[in-house]
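These notes concern the structure reproduced below.
The values are calculated or read from the model by the stated rules, or taken from the named source; none is laboratory data. What you see is a predicted model; the values in this text were computed from it and never measured. Cβ atoms come from the backbone with ideal geometry, glycine included; neighbour counts cover every protein chain shown. Heavy atoms of the whole protein, side chains included, go into the accessibility calculation; ligands, DNA and RNA do not. Shrake-Rupley method; radii C 1.70, N 1.55, O 1.52, S 1.80 Å.
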Amino acid sequence: MAPAPTGDEVEGGPRNASARRYLRSGLPSIYQEGDFGMRFVGALEQLLDPLVGTLDGLPAHFEPSLVEGDQLQLLAGWLGVELEESWPLDRKRELVRRASDLSRRRGTRRGLEEALAVVFPDLPLRVEDPGGVVWARDPSELPAQGAPEFYVYCDIPLEEPAGLARMIEVMKPVHVNYRLRIRSPKRRPDTA
């Protein structure tokens, strides 16, 4: 038969950290025999309960799916992610959750495509790189060419492309230019 829960416990586990006896159970057996030492360490456990409880819940402060507005903004700042206020909360959370993968791929075509897919999931975007990578043993053998560039195409008209342009600027290589091509809205024939 299972013992009834004590005053420090509730069904399903301890109510507070001191009920786990995390300090008392770590004492050598010679000190566990005396009543004074066990009561003293038990009082120390109760004193440390708020601190231990905070430390037990610390991972929840760093999980993007659990943190709220200001904490999510702070977490994004720590990870070097810029969040737009107009984005929905789930999009912000996803960008912060994938920040480490995106930062490893920053400056690559794949990284740009993944970031755009996370931030603008409803836009049909595609990235085209015309190439231009050449190799030579001697720099004088390299062909003369301008700065490298790539193209980002959006197949639907956009009213405010500034957010898209900002995300491309953040994720592209610093020395590479880009052109953002957005399909213009269809013109209606004049009915005059």
Working only within segment 123-142, note down all residues that are in a loop (DSSP other than H, G, I, E, B) and of a type in the set (Val, Ile, Thr). VAL133, VAL134
Subset of segment 100-117, residues surrounded by fewer than 18 Cβ atoms within 10 Å (Cβ to Cβ), touching a residue at least 12 places away in the same chain (Cβ under 8 Å), of a type outside the set (S, T, N, Q) and out of contact with any strand residue (DSSP E or B) (no Cβ under 6 Å at 6 or more places or on another chain), comes to ASP101, ARG106, GLY107, GLU114
Which ones in segment 13-25 are modelled with pLDDT of 80 or more and of a type outside the set (Lys, Arg)? LEU23, SER25
Which pairs have Cβ atoms under 9 Å, sit 6 or more apart or on different chains, and link a residue in segment 36-62 that is under 30 Å from LEU75 (Cα atoms) and open to solvent by less than 30 Å² (accessible area, probe 1.4 Å) to one that is not in a helix (DSSP H, G or I) and not polar (S, T, N, Q)? VAL52/TYR22
Restricting to segment 158-176, what's the tally of residues that are at pLDDT 85 or above and more than 27 Å from the chain's Cα centre (by Cα)? 0
Just name the residue that is farthest from the chain's Cα centre (by Cα) out of those in segment 107-122 that are part of a loop (DSSP other than H, G, I, E, B) and farther than 21 Å from PRO148 by Cα. ASP122
For segment 143-176 the number of residues that are open to solvent by 50 Å² or more (accessible area, probe 1.4 Å), within 28 Å of GLY77 (Cβ to Cβ) and outside any loop (DSSP other than H, G, I, E, B) is 2
Can you tell me which residue in segment 43-79 is nearest to the chain's Cα centre (by Cα), limited to those that are modelled with pLDDT of 85 or more and small (Gly, Ala, Ser)? ALA76
